[in-house]
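This report concerns only the one structure given below.
The values are calculated or read from the model by the stated rules, or taken from the named source; none is laboratory data. Remember, predicted model here, so these are calculated numbers, not experimental data. Note: ideal-geometry Cβ built from the backbone for every residue, glycine included; neighbour counts use all protein chains shown.
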Amino acid sequence: MTSKSKFLVAMMASSSAAVQKAATPVAPMSYQFTWKDKIAKYKSELAKGVWGYWKLGAWTPLALSARKRAAIRREALLAGEDWPYDPPKKEQRTKRKGHKCDRVSAEKRARTAELMQKMPEMLLAYKVSKCIGYQLPFILSCNFIKKEDESFAMMNGKQKIIVHFSINIVNGKLLTREY
């Protein structure tokens with residue numbers, strides 16, 4: 001055999017070996033030990049979390065690097081095993097579309113309409129409280145009582161003054177501080 005033919009035979013043998021090597025399935029990362037052995041070895045570290053853990057007031061990294069942890073996880077999932085060491089997934093936050101001012105404007109309009117219904121009573125209570133010098137909570141719930149009613153006769157002095165002021169306000173008269 002000539003040197004040229006020896007060279008061609010060697011090339012054919014090496015190419016057939018390369019084809020056979022490419023045809024055999026290879027794990028993503030070859031270990032000296034299987035992934036089950038690695039999980040058994042690092043089980044306590046894997047249970048501590050993905051990024052590390054808080055120990056005695058300091059952040060402690062895992063003994064297993066993230067790259068090796070991911071490789072073990074990949075091999076376990078490719079083998080069809082369950083991987084319980086991932087942190088629980090949080091519920092995905094759905095972002096509402098549009099501007100907040102557009103969403104709450106209807107609520108604001110409803111609240112404004114409700115307050116406008118109460119406005120005459122609120123103005124009356126404000127005027128009475130300004131004239132008397134202090135605000136009484138029962139002014140708002142006070143129905144206008146005429147002096148001829150029997151309920152007016154049963155009131156004490158301050159209540160009579162408030163009713164007198166409220167009647168004067170309704171009639172549009174000037175308020176005076178007469179006790």
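Among the listed residues L56, L62, which satisfies the condition of being surrounded by 11 or more Cβ atoms within 10 Å (Cβ to Cβ) and of a type outside the set (G, A, S)? Write out each step before concluding.
Working: L56 fails: surrounded by 11 or more Cβ atoms within 10 Å (Cβ to Cβ).
Of the residues listed, the single one that is surrounded by 11 or more Cβ atoms within 10 Å (Cβ to Cβ) and of a type outside the set (G, A, S) is L62.
Going by the conditions given, is K130 surrounded by 10 or more Cβ atoms within 10 Å (Cβ to Cβ), at pLDDT 85 or above and not assigned by TED's automatic domain parsing to the domain that holds A47? Full working, then the answer.
Numbers: surrounded by 10 or more Cβ atoms within 10 Å (Cβ to Cβ): yes; at pLDDT 85 or above: no; not assigned by TED's automatic domain parsing to the domain that holds A47: yes.
No.
Evaluate the following for A76: is it touching a helix residue (DSSP H, G or I) at 6+ places or on another chain (Cβ under 6 Å), surrounded by 11 or more Cβ atoms within 10 Å (Cβ to Cβ) and without any contact (Cβ under 8 Å) to a residue 24 or more places away in the chain? Step through it out loud before you land on a result.
On the way: touching a helix residue (DSSP H, G or I) at 6+ places or on another chain (Cβ under 6 Å): yes; surrounded by 11 or more Cβ atoms within 10 Å (Cβ to Cβ): yes; without any contact (Cβ under 8 Å) to a residue 24 or more places away in the chain: no.
So A76 fails the test.
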